[in-house]
Amino acid sequence: MGKFRDAITPNWIKKYLLIYREQGFKAMLKAAGWKIVLLIFMYYLIRDSILYILIPYLIAKGFLSL
């Protein structure tokens with residue numbers, strides 16, 4: 001990984017990324033369990049809710065002017 005990516009990636013994720021790169025998704029799932037899948041799902045759910053629901057709503061209401 002690059003220096004910047006190393007700096008912003010939490011240590012507990014680095015371990016699972018290494019397993020994923022070397023052994024694949026099934027091995028990572030065995031090592032991390034379903035909690036990593038749930039964590040990824042929640043991340044994208046929150047991110048997409050902000051991008052596609054909250055920001056357009058605030059723009060339409062006039063709270064954000066872009």
Inset, instruction - Lys and Arg at +1, Asp and Glu at -1: add these up for the other residues within a Cβ distance under 12 Å of T9 and post the number. - result: +3
Inset, instruction - Would you list which aspartates and glutamates come within 19 Å of K30, measuring only between C-alpha atoms, while excluding same-chain residues fewer than 8 positions from it? - result: E22
Legend entry - Value at 222 nm in deg cm²/dmol, rounded to 500, when DSSP H runs of n ≥ 4 in the chain each add -39,500 (n - 2.57): -22000 deg cm²/dmol
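The numbers here are math on the coordinates, done by the rules we state, and not lab data. What you see is a predicted model, and the numbers here were worked out from it, not measured in a lab. Neighbour counts are summed over all protein chains in view; Cβ atoms, including those assigned to glycine, are modelled from backbone coordinates with ideal geometry.
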